[in-house]
Structures are given as structure tokens and as C-alpha cells.
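Asks: Have a look at this one before I ask anything.
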Amino acid sequence: MSARPALAKELHAPAATIADRVSALDWPRLSADLDSQGCAVIENLLPPETCHALAALYDDEGCFRSRVVMARHGFGRGEYKYFGYPLPPDVAALRAVFYPKLAPIANRWHQAMKVAARFPDTHEAFLKRCHAAGQTRPTPLLLRYGPGDYNCLHQDLYGEHVFPLQLAILLSRPHEDFTGGEFVLTEQRPRMQSRAEVVPLRQGDGVIFAVHQRPVQGTRGTYRVTMRHGVSRLHSGHRHTLGVIFHDAG
């Protein structure tokens with residue numbers, strides 16, 4: 001396994017910078033957006049130089065544990081790679097600093113949906129739970145799309161222990177690096193047609209969204225809606241995305 005490029009490490013934003021940015025976010029607004037829409041956009045989460053450095057890791061095989069070509073599995077077109085442990089510093093930092101902000105929201109959602117599982121305060125403690133259940137493979141990933149590529153609507157479920165929120169960060173520049181390729185969410189409410197939402201993102205923007213289900217307050221109480229996400233067809237260029245999933249895979 002080859003060593004990660006020193007240049008890429010130097011270009012990455014320090015973990016403290018990521019922690020400062022995450023702490024300074026408007027969490028009441030993000031929480032309200034997640035409750036009402038099932039997603040919340042964070043503008044300018046990562047600077048362009050960090051986006052470039054992360055995207056450049058795609059060609060360094062030493063960073064990854066596996067590669068998936070979507071067409072071979074009926075997942076769409078394009079490909080992605082799962083990072084191996086140890087994760088690149090920025091990816092590990094994003095997991096560590098976002099998790100404690102999202103865990104109270106996740107616990108509130110589970111309580112509202114009458115799901116028994118509760119989440120500990122730290123990501124380290126949650127990973128210990130995953131690993132004890134045999135979910136030991138890291139799930140953060142880099143996705144790469146070219147002309148005509150797309151990602152079918154799906155959910156990132158990898159085992160018994162599932163954290164109900166995840167993060168995606170667009171690393172490429174819309175209308176410059178690529179055209180098309182919009183991030184899409186769908187929501188299926190009981191006895192209703194599915195609702196679709198296109199989430200516009202710029203380079204460095206992040207979107208937090210529901211992995212599987214989320215609670216919605218109705219006239220007769222709280223009910224669950226099922227969420228899926230994907231990417232529409234690219235018309236031109238290349239698109240890179242970082243996916244930060246908080247549970248590990250079995």
C-alpha cells in the first residue's frame with residue numbers, strides 16, 4: 001500500500017480550522033432545516049484548495065480499501081472509492097467534529113419515531129459500538145462522475161447500526177468543472193406520492209441529509225418518511241464529491 005502524497009496533506013485544511021468552522025455554524029438553523037426538509041446546506045464548508053487536494057486523492061490507490069464501478073451493480077454510472085483506515089486527516093476531522101453536533105438531532109429523531117437506539121456523545125464511542133457488532137470497514141468515500149454518469153436513488157445502509165444523518169461535500173465547480181449532476185433527494189410519505197428536491201451546491205458546500213427515515217409531525221401525531229438520495233445525469237466535465245458517513249460497514 002503506497003503512502004499518501006505529502007503535498008495533498010499540506011494542502012488540506014488543519015483539523016482545528018474544520019472544528020472552528022463547524023462550531024461557528026448556525027446550528028439552530030441547520031437543525032430546523034433538517035426537521036422541516038430532511039436536509040440542510042452549509043455554504044463554503046471547505047475552501048477551494050482543500051477541495052482540490054481531496055479530489056486529487058482519487059488517483060492515489062493507497063488511500064482506499066475498495067473501488068466500486070456503479071454500472072456493474074446497477075447503481076448508476078460513474079464510480080466511487082471507500083477510504084481505508086487511517087482516514088485522511090480532513091476526512092477524520094469532519095467525522096469527529098460533525099458527529100457530536102448531529103447526535104442530539106439523531107437522538108431526538110429516534111425518540112420521535114419510537115426507535116430504541118440512542119447515540120453516544122462522541123464518534124469514537126459510536127464506532128466502538130459498530131466495531132463490536134462486526135461493522136469495522138470505514139465508509140467515507142470519494143465519488144467521481146464523468147459525462148453521462150449518474151447515481152441512482154439509494155440509501156447508505158451498511159449493517160445493524162446506522163447513524164441517521166450523513167454529509168456530502170461538493171469538491172468540483174458547477175458550470176466550470178461540470179454541468180448537470182445535481183444532488184437530488186426524494187421523500188416518500190405514507191399513502192402519498194414521492195416528493196423530489198434538487199439541492200443546488202457550489203464548490204465547498206456541504207449538505208447534511210437523512211440516511212433512511214426521518215420524523216414528520218402530522219395532524220394525528222408523528223410519522224416516518226423514507227428518504228433516498230442520488231445524483232442526476234452529468235452533461236459534461238467531471239464531478240468529485242466527498243461522502244462522510246458516520247457508521248462503519250460490516
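Asks: Can you tell me which of 125, 93 is open to solvent by less than 30 Å² (accessible area, probe 1.4 Å), outside any loop (DSSP other than H, G, I, E, B), on the phi < 0 side of the Ramachandran plot and out of contact with any strand residue (DSSP E or B) (no Cβ under 6 Å at 6 or more places or on another chain)?
Replies: On the way: 125 fails: open to solvent by less than 30 Å² (accessible area, probe 1.4 Å).
Being open to solvent by less than 30 Å² (accessible area, probe 1.4 Å), outside any loop (DSSP other than H, G, I, E, B), on the phi < 0 side of the Ramachandran plot and out of contact with any strand residue (DSSP E or B) (no Cβ under 6 Å at 6 or more places or on another chain) holds for just one of 125, 93, which is 93.
Asks: Let me ask another. Residue 119 - would you say it is modelled with pLDDT of 95 or more, in a loop (DSSP other than H, G, I, E, B) and open to solvent by less than 20 Å² (accessible area, probe 1.4 Å)?
Replies: Values: modelled with pLDDT of 95 or more: yes; in a loop (DSSP other than H, G, I, E, B): yes; open to solvent by less than 20 Å² (accessible area, probe 1.4 Å): yes.
The answer is yes for residue 119.
Asks: Of all residues in the stretch 220-240 being within 26 Å of residue 165 (Cβ to Cβ) and among the polar types (S, T, N, Q), which is modelled with the highest pLDDT?
Replies: Across the stretch 220-240, the extreme among qualifying residues is 232.
Asks: So which residues in the stretch 218-250 are out of contact with any strand residue (DSSP E or B) (no Cβ under 7 Å at 6 or more places or on another chain) and among the hydroxyl-bearing types (Ser, Thr, Tyr)? I'd like the intermediate steps shown before the answer.
Replies: If we filter the stretch 218-250 for residues that are out of contact with any strand residue (DSSP E or B) (no Cβ under 7 Å at 6 or more places or on another chain), which is where we start, we get 218-221, 247, 250.
Matches in the stretch 218-250: 219 only.
Asks: Given (1) among the β-branched types (Val, Ile, Thr); (2) over 26 Å from residue 234 (Cα atoms); (3) surrounded by fewer than 18 Cβ atoms within 10 Å (Cβ to Cβ), identify the lone condition not met by residue 18.
Replies: (3)
Asks: Oh, and also: Scan (1) in contact with a Cys (Cβ under 9 Å, 6 or more places away or on another chain); (2) surrounded by 15 or more Cβ atoms within 10 Å (Cβ to Cβ) for the single condition residue 201 breaks and write down its number.
Replies: Just one mismatch for residue 201, condition (1).
Asks: Give all pairs with beta carbons closer than 8 Å in which a residue from the stretch 129-141 that is within 7 Å of residue 250 (Cα to Cα) meets a residue that is open to solvent by 10 Å² or more (accessible area, probe 1.4 Å) and not in a loop (DSSP other than H, G, I, E, B); count only pairs at least 6 apart in sequence or on separate chains.
Replies: The qualifying pairs are 137/65; 137/82.
Asks: Anything in the stretch 157-186 that is open to solvent by 20 Å² or more (accessible area, probe 1.4 Å) and under 17 Å from the mean Cα position of the chain (by Cα)? List them, or say none.
Replies: Once the filter is applied, which keeps residues that are open to solvent by 20 Å² or more (accessible area, probe 1.4 Å) and under 17 Å from the mean Cα position of the chain (by Cα), the stretch 157-186 yields 157, 158, 159, 161, 162, 182, 184, 186.
Quick grid of which residues meet (1) more than 13 Å from the chain's Cα centre (by Cα); (2) farther than 20 Å from residue 54 by Cβ; (3) open to solvent by 20 Å² or more (accessible area, probe 1.4 Å); (4) free of Cβ contacts under 8 Å to residues at least 60 places away in the same chain:
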| position | (1), (2), (3), (4) |
| --- | --- |
| 211 | no, yes, no, yes |
| 214 | yes, yes, no, no |
| 227 | yes, yes, no, no |
| 233 | yes, yes, yes, no |
| 238 | yes, no, yes, no |
| 250 | yes, yes, yes, no |
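The values are calculated or read from the model by the stated rules, or taken from the named source; none is laboratory data. Just so it is clear, the model here is predicted, and its values are computed rather than measured. Cβ coordinates were reconstructed from backbone atoms using ideal geometry, including for glycine residues, and neighbour counts include every protein chain displayed. Protein only, heavy atoms only, side chains kept; ligands, DNA and RNA dropped before computing areas. Shrake-Rupley method; radii C 1.70, N 1.55, O 1.52, S 1.80 Å.
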